[in-house]
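Each value in this text was obtained by applying a stated rule to the coordinates, not by laboratory testing. What you see is a predicted model; the values in this text were computed from it and never measured. Cβ coordinates were reconstructed from backbone atoms using ideal geometry, including for glycine residues, and neighbour counts include every protein chain displayed.
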Amino acid sequence: MVLRDYKTSVLITTPSSALQLANYVRKNGININIFELKTLILAGEAIGNEDRQALEEDLHVTVWAHYGLSEVPGPAIAFECNAHEGLHMNEDHFLPEIIDPATGSVLGDGQFGELVLTTLTTRAFPLIRFKTGDKARVIKQSCLCGRELSLIEWQGDRTDDLINIDGVKVHKKQIQLSIQSLLDLPSDTSKFLIKKRDEKKYIEVWIPVNDLIFSDEIKELETLIQRAENNLLENIGIPVAIRLKEKRMI
């Protein structure tokens, strides 16, 4: 309704929200021509080629990917140009480095590592070699658009245990400790998977079954797991599905 009534031509959002919008339009048979939407600027998450193509076809828009961080103030850190061959780093405002997350040593061009940023123009909240935790690499090549700003490749992978769900970052350890506490489990290694249901992402956690958690009363076990899932949703704001698996599967 807002897109239609305000004749919105540009929408800035996360890839997940854009995919939900496209899914809603498609499922409800809404004529996309009633909108004047032409441009999607996506931030908060990386977007794959398949999802990008689906958005452009379903919403009749051009998709542009941006890279930014809530911890780093200022303009967009990196942005796409017409070539869509990577993200141009705003080097007037940020000094990027790619380091080995284990040693801290600077890596050469073309090598994947952790993106580290130093702010050059921020006055109120300057940052020196801020470790983003994002896995990226610098692409040293001339761009078809003519800009001489460095290009970076960023696919959404992390160098730490943070999980990015719909732009919300949560630490695996936080989820693991909550599950261990709620289900009275020892410190077992769980497996984390990011899945999607109705264009909405959620975290699926595989927990090894052991004598402590196993119960002859299936309903009792289901109630316990449901309570843990509800507690996690309330505390971290992200849906979590707990699955019991044999240890060998994990």
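Can you pull out the GluC sites (Glu not before Pro) in the range 94-196 that DSSP calls coil and that have at most 16 other Cβ atoms within 10 Å? Within the range 94-196, the qualifying GluC sites (Glu not before Pro) (loop, at most 16 other Cβ atoms within 10 Å) are Glu148.
Full-extension gain between Asp161 and Val209, please, as 0.36 nm times their residue separation minus the C-alpha to C-alpha distance. Intermediate results must be reported in sequence, preceding the final value.
Details: separation 48, 0.36 × 48 = 17.28 nm, distance 2.31 nm.
In short, 15.0 nm is gained.
Against the main long axis of the alpha-carbon atoms of the chain, helix 172-182 sits at an angle near 20°. What is the log10 of I(q)/I(0) for the chain, computed with the Debye formula using one identical point scatterer on each Cα and no solvent, at q = 0.13, 0.14, 0.15 Å⁻¹? Computed log10 I(q)/I(0) values: -0.97, -1.06, -1.13.
How about the range 1-98: which chymotrypsin sites (Phe, Trp or Tyr not before Pro) there lie in a loop by DSSP and see at most 14 other Cβ atoms within 10 Å? Mind showing how you got there, number by number?
Numbers: sites: Tyr6, Tyr24, Phe35, Trp64, Tyr67, Phe79, Phe94; in loops: Tyr6, Phe35.
Within the range 1-98, the qualifying chymotrypsin sites (Phe, Trp or Tyr not before Pro) (loop, at most 14 other Cβ atoms within 10 Å) are Tyr6.
Here is the list for the range 15-70: GluC sites (Glu not before Pro) lying in DSSP coil, each with at most 12 other C-beta atoms within 10 angstrom of its C-beta, are Glu36. Antiparallel beta bridges, as assigned by DSSP with both residues in the chain, represent about 70 percent of the total such bridges. Only residues of the range 55-73 count here: report those whose backbone N is under 20 Å from the spot 7 Å along Cα→Cβ of Ile32, or say none. From the range 55-73, the list is 55-66. Couplings 3J(HN,Hα) of the range 58-64, computed from phi: 6, 9, 6, 10, 9, 9, 10 Hz, in residue order, whole Hz [Karplus 6.51 cos²θ - 1.76 cosθ + 1.60, θ = phi - 60°; x for Gly and Pro]. In this simple spin-label approximation, Asn23 and Thr121 carry label points 7 Å from Cα along the Cα→Cβ vector, and these lie 3.8 nm apart.
Apply the Debye scattering formula to the range 90-166, with a single equal point scatterer on each alpha-carbon and no solvent, then give log10 I(q)/I(0) at q = 0.25 Å⁻¹. Each listed q maps to, in turn, -1.20.
Divide by every residue of the chain the summed helix terms, -39500 (n - 2.57) for each DSSP H run of at least 4, and state the resulting mean residue ellipticity at 222 nm, rounded to the nearest 500 deg cm²/dmol. Don't jump to the answer; show the numbers that get you there.
Working: 5 runs with 58 residues, N = 250.
After summing the helix terms and dividing by the residues of the chain, the value is -7000 deg cm²/dmol.
Fully extending the segment from Val168 to Glu85 would add 27.3 nm, taking 0.36 nm per residue of separation and subtracting the current Cα-Cα distance. The ellipsoid equivalent to the alpha-carbon distribution of the range 2-65 has semi-axes of 18, 13, 10 angstrom, derived from the gyration tensor eigenvalues as √(5λ) and listed largest first.
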